[in-house]
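These notes are about the structure you will find just below.
The values are calculated or read from the model by the stated rules, or taken from the named source; none is laboratory data. What you are looking at is a predicted structure, and each value in this text was computed from that prediction instead of being measured. Quick reminder, even Gly has a Cβ in these numbers, built from the backbone with ideal geometry, and neighbours come from all protein chains shown. What goes into the accessible areas is simple: the full protein's heavy atoms, side chains included, and nothing from ligands, DNA or RNA. Shrake-Rupley method; radii C 1.70, N 1.55, O 1.52, S 1.80 Å.
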Amino acid sequence: LAQAAGSRSSTLLCSSPPSPGRLPRRLRAPAAMAASYELAPGARKVTADEVAKPFIEEIKAATAKLAEDDRPKLVGLLANSDPAAQKYADWTGRTFQRDGLKFELRQVDPDDLEKALEEANSDNSVHGIMIYYPVFGDRPCFHGGNYDDSLRDSVSLCKDVEGLCHFYRRTLYRNQRYLDAQQARKCVLPCTPLAVVKILEHLGAYDAQHPEGNRLAGKFATVVNRSEVVGRPLAAMLANDGATVYSVDINSTYTFVRGKVEPPPPDATTESLVRRSDIVILGVPSDKYKMDPAWIKEGAIVVNVASSKNIDEAALLSTRPGVRFIGVVGKVTIAMLERNLLRLHGNFNGCEKLMWNSALGTVAPMSDGQPPARSS
């Protein structure tokens, strides 16, 4: 979530869509304005507040059942000078206070970030960690790839509230939904892709007549932008729920079906794929990209997850009957962040049982109340 910079991603026109931790402006719903156009029959603009409301109520109810000293704490590590990151941290603190959760911002020098992360990983009072990206951007890392990617993979799986470390990426793409064989502990999922899934469920795209894991059977979806933090995981999640997903990026288009990536249909164009899609997700972080509203199928659901509107809202809602459009998803994303924190707290609370071992790169049992020794 806070990690939205996605610098390693394949991108469409620009870098990957920002997560809430990077660019708070899309987290805030615009002031309500009277529509200056007439809606097409059945067309509707959906607000993030509408979708987020039941989750916020659920979060408040869950935290109310916990003793004050047992409520989970999220630590945000801020190592950049982006004023937007600072504003988002302030906003997160207010939201967590409202919902009964704990938030602590730790501001550190970039050169001290790895040490601060390791301290948070090893701190039993911390249940979730988020880093405000970008920190180092594309700066190469000794371990391979870039430094920010290495940081993502260094967050303990016990505390990875964004669900983007290697462990959770692996479980997502393998469609492994639980941590344990008893299926008592669910894996966490990336916040923005999960927010989109919850929006689709709210709008009835998921068919409850089908078994869980196949409730998008027969549906077609197009996801524009294959970033590693939003577009690709979202395409995989929708495919793992039974949809046929067209993943469109600046230089390639692929079809995601459950567990597989295939070429698109012969002679397919972005327009032809969008025209057949029941669901269209727009994630291009540029105000220069605009999808033609005429491509949108009547009755389709269109979700904009980018910081800029990737489609003309008025033209879409006034000309495409039955279309439902949500232009900002931030409040739903933040609800998923809180939900993930509660899930990690439930899965791993009392890390006296499991502790992150950076030497092993995994969790290991503690012995005699002490963290496992680092191997030499």
Among (1) surrounded by fewer than 19 Cβ atoms within 10 Å (Cβ to Cβ); (2) within 16 Å of Arg98 (Cβ to Cβ); (3) at pLDDT 85 or above - the single one Val46 does not satisfy
(2)
Looking at segment 161-191, which of the residues that are open to solvent by less than 40 Å² (accessible area, probe 1.4 Å) and not hydrophobic (A, V, I, L, M, F, W, C) is nearest to Arg324 (Cα to Cα)?
Pro190
Pairing a residue in segment 256-285 that is part of a loop (DSSP other than H, G, I, E, B) with any residue that is among the charged types (D, E, K, R), where Cβ atoms lie under 6 Å and the two sit 6 or more apart in sequence or on different chains, gives Asp278/Lys219
Could you say which residue among Leu216, Leu200, Leu194, Leu234 is open to solvent by less than 10 Å² (accessible area, probe 1.4 Å) and closer than 27 Å to Asn146 by Cα?
Leu234
With respect to Ser156, is the statement that it is under 20 Å from Glu119 (Cα atoms), in contact (Cβ under 8 Å) with a residue 12 or more places away in the chain and either open to solvent by less than 50 Å² (accessible area, probe 1.4 Å) or over 19 Å from the mean Cα position of the chain (by Cα) (or both) true?
yes
So, in segment 242-267, of the ones that are of a type in the set (A, V, I, L, M) and at pLDDT 95 or above, which residue ends up most open to solvent (accessible area, probe 1.4 Å)?
Val261
Please count how many residues of segment 286-295 are open to solvent by 30 Å² or more (accessible area, probe 1.4 Å) and in contact (Cβ under 8 Å) with a residue 24 or more places away in the chain.
4
Enumerate the helices (runs of 4 or more DSSP H) found wholly within segment 135-224, keeping only those where 1 or more residues are among the acidic types (Asp, Glu).
147-154, 191-202
Out of all the residues in segment 59-100, which are more than 20 Å from Leu113 (Cα to Cα), open to solvent by less than 20 Å² (accessible area, probe 1.4 Å), in contact with a helix residue (DSSP H, G or I) (Cβ under 6 Å, 6 or more places away or on another chain) and among the hydrophobic types (A, V, I, L, M, F, W, C)?
Ile59
